[in-house]
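See below for the structure under consideration.
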Amino acid sequence: MKSSLVSQAIGVAVVGVALGAGAFAYKHFGKPAFVDTPCGKGTVSLLASLKSPVNVTLYATPGTPKIDRFIKSVSATMNDLAAASSGKLVFKVALVTSDDAVHEARERGLQEFAATASSDPMGGITRAFCGFGFMYGSERDAIPMIDPDNEAALPFWVVTKVREIRARADDLKVRFGVVSSKGGVSFTEPSLVARGAAGVSPTMSGIFAQAMPFYKLEDLDLHGGDSEIDSSYSGLFLLQPDSDYTDKELRRVDEFLMRGKKSLVVIASAVNVKASDPKMTPVLSAHNLDKLLDGYGIELQKDLLEDWAQPTTFPITTAAAQTIQIRAPSVLQVKADPGASPDAQALDTTFIPFLRMDELAFPLSSSLVLHPEKQPSATLRAVARSSATTTSQTTAPASLSPMAVPTPPADSETKRRILAAAVEGKLRSAFAGRPGDGVSAPAESPEASRVFVLSASQFVVNPLARAANPPLDPTAMLGIPQPPADADLSLLSQPYAQKYLTGTILALKNTMDWASLDESTVSCSAVLMDSTKVKDGKDK
């Protein structure tokens, strides 16, 4: 993969997520009773499924108050887990106090960082190690560094790392079906960055195959709904379609979900813009997805959302060496606000797909309206919202290109709009009481299933690069330059990629964790939710 930007994003997605372990301050992780919590039980269950023991080593440099406390707290919990694991977890502490120990830590992938030498902030700085090495079978991995002040995410990341290393060693795959028969946006299209002269560009599917091989994204053709969907899939992804779903196809998706312990992720809106269209001409159509989602209590409205008071802006340097800011109101900025009330929070960072997220871009979005009464046995919640200065229009403008100098619609109300929502529990069928097309499903899933709707039609790509790139020409020879469909948009796509692409990749990785219904991962996320109540060490 030649793009340094995407290579960096892969590194963040696989290794850098571990650095997010310092994002919260959870004061109770070190209690021996951790093994009796849902997270602890989920971890023990995961360990029990291993074919052989996993060796976990805490590499830490003693001698500073924070690291010494961390060693004591984490050792207590990990030793309790080891005792409860029937030999499947072998834990030890390696104190990094010699040159040989430093060499071993570096060989295992640990990274040094600056630490205060005493409890006095003015007491000087020293170099230290504090992280984990993992060995399972023939595989090795690491959490290279953890802030010893903050342990909140540690259970989640230890569980995630064990899952990853087990999947590689045991060649386990979590399979997702990605509906490809409806055209439109896909994980396989090279639209993350502007394509170079050779027409080569990374794809989301390529990134996940390289960085997270235990998740397998498989193209799924619904064949008009004539056959059942493979029950061995953990979940389905429906991305922005380019043609209408038939009722029978929608019933097959519902039939799959009603089996229980299944997931459905819909990343789509009513705003359709074709690839290689520099004008970014929108067409408003839900392609019948609204018929399915409405049954799950998530109404997808046929509108276009834009933020005119707080538009996303991107810098461009002119020929006169002046930097100007280009507005893109149809790319909504969604930023987490730690001080916001739950019903006004723009980005719910307790929701697994958005963990650690400070900001995400939601390009080409439509409004969602929730109807919890349609799912009485499940929990329905909004997990992302626009700002209070967002407008909605049901008549599509001629162009959404930022280069077209967009203007706001007349007399449009500004308010917060729901952009993403999730429903989890024993779901009622979207077609309950309405059998037809030869497809039958139970009125309610026998076990909990889940649906996640993210209303941004081009979330999984770079919308500016997608509009700027020339049409794919399979007959073109590699190395033959292909000029962009729009040079200005191609230039503008670069700051979009730099600002938002890494967050998009991380959010999609988290979404796959959520959709895989892994007991240990999901239960340990509750530790993060509890930790939001503990701020500045005030919770005792």
- line: Going from the fewest other Cβ atoms within 10 Å to the most, one would list ARG166, ARG106, ARG434 as ARG434, ARG106, ARG166
query: Cα centroids of the range 79-94 and the range 384-440: how far apart, whole angstrom?
result: 48 Å
field: Relative exposure of TRP157, TRP514, judged by other C-beta atoms within 10 Å (fewest first)
entry: TRP157, TRP514
Restraint check, LYS88/LYS335; LYS41/LYS291; LYS182/LYS216; LYS161/LYS499, Cα-Cα greater than 30 Å: LYS88/LYS335; LYS41/LYS291
statement: Per the 1/(1 + (r/R0)^6) rule, R0 = 56 Å and r from the Cβ atoms of GLN310 and ASP221, FRET efficiency to 0.05 is 0.85
- prompt: What share of all Cα pairs of the range 174-525, in percent, falls into each consecutive 10 Å distance bin?
  reply: 5, 25, 35, 24, 9, 1, 0
Fewest-first ranking of VAL451, VAL102, VAL273, using other Cβ atoms within 10 Å as the exposure measure: VAL102, VAL273, VAL451
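Determine the gain in length on full extension of the stretch GLN322-ARG175; use 0.36 nm per residue of separation and subtract their C-alpha separation, reporting nm with one decimal.
Difference between extended and current length: 48.0 nm.
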- request: Only residues of the range 253-294 count here: report those whose backbone N is under 17 Å from the spot 7 Å along Cα→Cβ of ALA404, or say none.
  value: 270-285
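Every number here is computed from the coordinates shown, using simple stated rules; none is lab data. None of the values given here were measured: they were computed from a predicted structure. Counting neighbours? That spans all protein chains shown, and the Cβs are built from the backbone with ideal geometry, glycine included.
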